[in-house]
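Some notes on the structure that comes next.
The values are calculated or read from the model by the stated rules, or taken from the named source; none is laboratory data. Bear in mind that the values here come from a model prediction, so they are computed numbers and not experimental data. Cβ: placed from backbone, ideal geometry, glycine included. Neighbour counts: every protein chain shown. Surface accessibility is based on the protein's heavy atoms, side chains included, excluding ligands, DNA and RNA. Shrake-Rupley method; radii C 1.70, N 1.55, O 1.52, S 1.80 Å.
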Amino acid sequence: MLSKKATCNSHGQDSSYFLGWKEYEKNPYHPLTNPSGIIQLGLAENQLSFDLIESWLESHQEAMTLKKDGVLMFKELALFQDYHGLPAFKSALAEFMSEMRGNKVEFNPEKLVLTAGATSANETLMFCLTDPGDAFLLPTPYYPGFDRDLKWRTGAEIVPIHCSSNNGFKITKQALEKAYNNAKKRNLRIKGVLITNPSNPLGTSMTRDELDILINFIASKDIHLISDEIYSGTVFASPGFISVKEVIKGRDDVSNKVHIVYSLSKDLGLPGFRVGAIYSEDDLVVAAATKMSSFGLISSQTQYLLSVMLSDKDFTMKYIMENKKRLEHRHRIFVDGLESAGIKCLNSNAGLFCWVDMRHLLKSKTFEAEMELWKKILFQVGLNISPGASCHCQEPGFFRMCFANMSTDTLNLALQRLNNFVEADDTNCTHRRLSSLPKWVRRLFAFSSQMGSSPFAFLSKVRTLDKTQHPCVNALNPSGLAVSS
Ligand SMILES: Cc1ncc(COP(=O)(O)O)c(C=O)c1O
């Protein structure tokens, strides 16, 4: 009964990324009402600085009640439906975007297109730049939502640029060329590269070198670059954030080919407000995207409220600094907690998540083993995390874990659960390993642990003893075989 579009599976809803959310919704953790429920570590939400926004709202009742200089703006806002957006909001957003980039670059409000979040911004750009069947190259691992946002309704294709753990998943010229050639072999028309900087799921910002490689690549192939900079305000440690806008200064050959996506969902923690934007120097892209934006506008009262908030420079400066401090602190707690459980993650300086390496916990180096571990962690440990496979990572055993969408207590509980799991897994592994050893070696392990010693230390002690002095020696090695340490 439904259209092909409605029923095709390029939406990606069956990915473990979305399935994990569904399981969480069936059994969400709550400290009082459901203490054994699932803790959500699969949602990149920033809840660390709500108090700052709430206290601004408390002290700006005029904006909250849609008044300006004592006059109610209700009728004006209720009737406003211009798809170019409220000029005051576009100016405030353009300035906020500059501020987020340390005022090293400027954004012209006339080149901004407002959209209902970055989801809509990314899809709109794909509609503007691709025809069905055309392809964009994306470095892996990438945000699982891109399969839905970029491909589903537009009919565009994603070709992965495979990045590797060997160099911290950085983009290289070789990886770009390889992806390009693969797409060519498949007879796909390549229209551009799409990156997220800082990266979701890696939590790292791109270096100047990486950005230069990318710009030179798109210039040489005469294709577009979309830079999704939705996490630009989350860079809490060095190296700082470099926007692609900075890198293309003076590069007239590419300035019309580079398009930036932004949103207030992460930096301000307002995903429910659905505020996003496209920034492009290409007037044709701006005009086409503006026409298309009528399918996903931002409501005028949201624009009005945020225009007042973002124009308050004291507030925005304080918010940006404090939010970064809190993210850095949270990140430290999380990374330290993982380390105590013997788990490492990619060195990161941004984002609301870590890219966690659990390869040592896999039964084998396969995606089946990754899925098995994910299910164990979801159903037995009670944590929803996102497997690397859902981010199209090529190496099994990596997981994205979010750390900014819950209280510190809940995060500590999540870390405790993970720690208990790893310890139990260690014991199980030891048991598994021991059961394959000869009986006398198993006895040696059992005796030595009863004596509070390691098997080797215990062995060197008993070797110095005469059998008659220590009956354990006979019990341990009834076969009488020589035991070497
Ligand atoms: C890289 C990236 N782009 C886009 C989005 C969608 O954001 P929005 O809520 O603004 O639609 C997300 C959300 O997680 C994201 O991580």
*Give me the pairs: first residue in segment 176-202 and open to solvent by 40 Å² or more (accessible area, probe 1.4 Å), second residue assigned to a strand (DSSP E or B) and of a type outside the set (Gly, Ala, Ser), beta-carbon distance under 7 Å, and six or more apart or on different chains, which are they?*
Asn182/Val159; Lys191/Phe136; Lys191/His224
*asked:* Going by what's in this entry, would Asn187 be described as assigned to a loop (DSSP other than H, G, I, E, B), farther than 30 Å from Val356 by Cβ and out of contact with any Phe, Trp or Tyr (no Cβ under 6 Å at 6 or more places or on another chain)?
replied: yes
*Could you count how many residues in segment 394-417 are in contact with a helix residue (DSSP H, G or I) (Cβ under 6 Å, 6 or more places away or on another chain) and assigned to a helix (DSSP H, G or I)?*
2
*Give the residues of segment 227-285 that are away from the ligand (no atom under 14 Å from the Cβ), among the aromatic types (Phe, Trp, Tyr) and within 22 Å of Ser307 (Cα to Cα), sorted by residue number.*
Tyr279
_Show me the helices (runs of 4 or more DSSP H) found entirely inside segment 295-393 where at least 2 residues are aromatic (Phe, Trp, Tyr)._
313-340, 367-375
_Just to be sure I understand, how many residues within segment 62-85 are open to solvent by 70 Å² or more (accessible area, probe 1.4 Å) and in a helix (DSSP H, G or I)?_
6
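Are any residues in segment 214-241 surrounded by fewer than 18 Cβ atoms within 10 Å (Cβ to Cβ), over 19 Å from Ala44 (Cα atoms) and under 25 Å from the mean Cα position of the chain (by Cα), and if so, which ones? Walk me through it before giving the result.
We begin by selecting, within segment 214-241, every residue surrounded by fewer than 18 Cβ atoms within 10 Å (Cβ to Cβ); these are 216, 219-222, 237-240.
Applying the additional criterion that residues be over 19 Å from Ala44 (Cα atoms) yields 216, 219-222, 238-240.
Within segment 214-241, Ser238, Pro239, Gly240 qualify.
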*Just wondering, is there one or more residues in segment 287-310 that are under 18 Å from the mean Cα position of the chain (by Cα) and either away from the ligand (no atom under 16 Å from the Cβ) or of a type outside the set (A, V, I, L, M, F, W, C) (or both)?*
no
*Within segment 7-57, count every residue that is in a helix (DSSP H, G or I) and either open to solvent by less than 50 Å² (accessible area, probe 1.4 Å) or over 30 Å from Lys313 (Cβ atoms) (or both).*
19
_Filtered residue count, segment 148-175, keeping only those that are farther than 23 Å from Ile213 by Cα, within 16 Å of the ligand (Cβ to nearest atom) and open to solvent by 20 Å² or more (accessible area, probe 1.4 Å)_ = 4
*Identify, by number, the condition in (1) open to solvent by less than 30 Å² (accessible area, probe 1.4 Å); (2) under 29 Å from Asp357 (Cβ atoms) that Ile298 doesn't meet.*
(2)
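Condition check: in contact with a strand residue (DSSP E or B) (Cβ under 9 Å, 6 or more places away or on another chain), open to solvent by 10 Å² or more (accessible area, probe 1.4 Å) and not basic (Lys, Arg). Does Phe353 satisfy that?
Working: in contact with a strand residue (DSSP E or B) (Cβ under 9 Å, 6 or more places away or on another chain): yes; open to solvent by 10 Å² or more (accessible area, probe 1.4 Å): no; not basic (Lys, Arg): yes.
It is false that Phe353 is in contact with a strand residue (DSSP E or B) (Cβ under 9 Å, 6 or more places away or on another chain), open to solvent by 10 Å² or more (accessible area, probe 1.4 Å) and not basic (Lys, Arg).
Would you mind stating whether Ile333 is outside the structural domain of Gly388 (by TED's automatic domain parsing) and over 30 Å from Cys128 (Cα atoms)?
Working: outside the structural domain of Gly388 (by TED's automatic domain parsing): no; over 30 Å from Cys128 (Cα atoms): yes.
No: the conditions fail for Ile333.
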*Tell me, yes or no, whether segment 327-350 has at least one residue that is open to solvent by 50 Å² or more (accessible area, probe 1.4 Å), hydrophobic (A, V, I, L, M, F, W, C) and without any contact (Cβ under 8 Å) to a residue 40 or more places away in the chain.*
no
_Return the pair list, or none, for Cβ contacts closer than 7 Å from residues in segment 27-56 that are touching a residue at least 60 places away in the same chain (Cβ under 8 Å) and closer than 15 Å to Leu270 by Cα to residues that are outside any loop (DSSP other than H, G, I, E, B) and among the aromatic types (Phe, Trp, Tyr), at least 6 apart or on different chains._
Ala44/Phe353; Ser49/Tyr319; Leu52/Tyr319; Trp56/Phe315
_Restricting to segment 335-351, name every residue that is over 15 Å from the mean Cα position of the chain (by Cα) and of a type outside the set (Val, Ile, Thr)._
Asp336, Gly337, Leu338, Glu339, Ser340, Ala341, Gly342, Lys344
*Between a first residue in segment 81-108 that is farther than 12 Å from Leu310 by Cα and a second residue that is aromatic (Phe, Trp, Tyr) and not in a loop (DSSP other than H, G, I, E, B), which pairs have beta carbons less than 7 Å apart while being 6 or more apart in sequence or on different chains?*
Leu86/Tyr304; Phe107/Tyr279
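Would you mind finding the one in Phe136, Phe127 that is of a type outside the set (Gly, Ala, Ser), within 16 Å of the ligand (Cβ to nearest atom) and open to solvent by 70 Å² or more (accessible area, probe 1.4 Å)? Quick ask: steps written out before the conclusion?
Numbers: Phe136 fails: open to solvent by 70 Å² or more (accessible area, probe 1.4 Å).
Testing whether each residue is of a type outside the set (Gly, Ala, Ser), within 16 Å of the ligand (Cβ to nearest atom) and open to solvent by 70 Å² or more (accessible area, probe 1.4 Å) leaves just Phe127.
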*For segment 215-226, name all the residues that are out of contact with any helix residue (DSSP H, G or I) (no Cβ under 6 Å at 6 or more places or on another chain) and either of a type outside the set (A, V, I, L, M, F, W, C) or within 16 Å of the ligand (Cβ to nearest atom) (or both).*
Asn216, Ser220, Lys221, Asp222
_Candidate set: segment 80-124, residues that are away from the ligand (no atom under 16 Å from the Cβ) and acidic (Asp, Glu); chosen: the one farthest from Lys249 (Cα to Cα)_ = Asp82
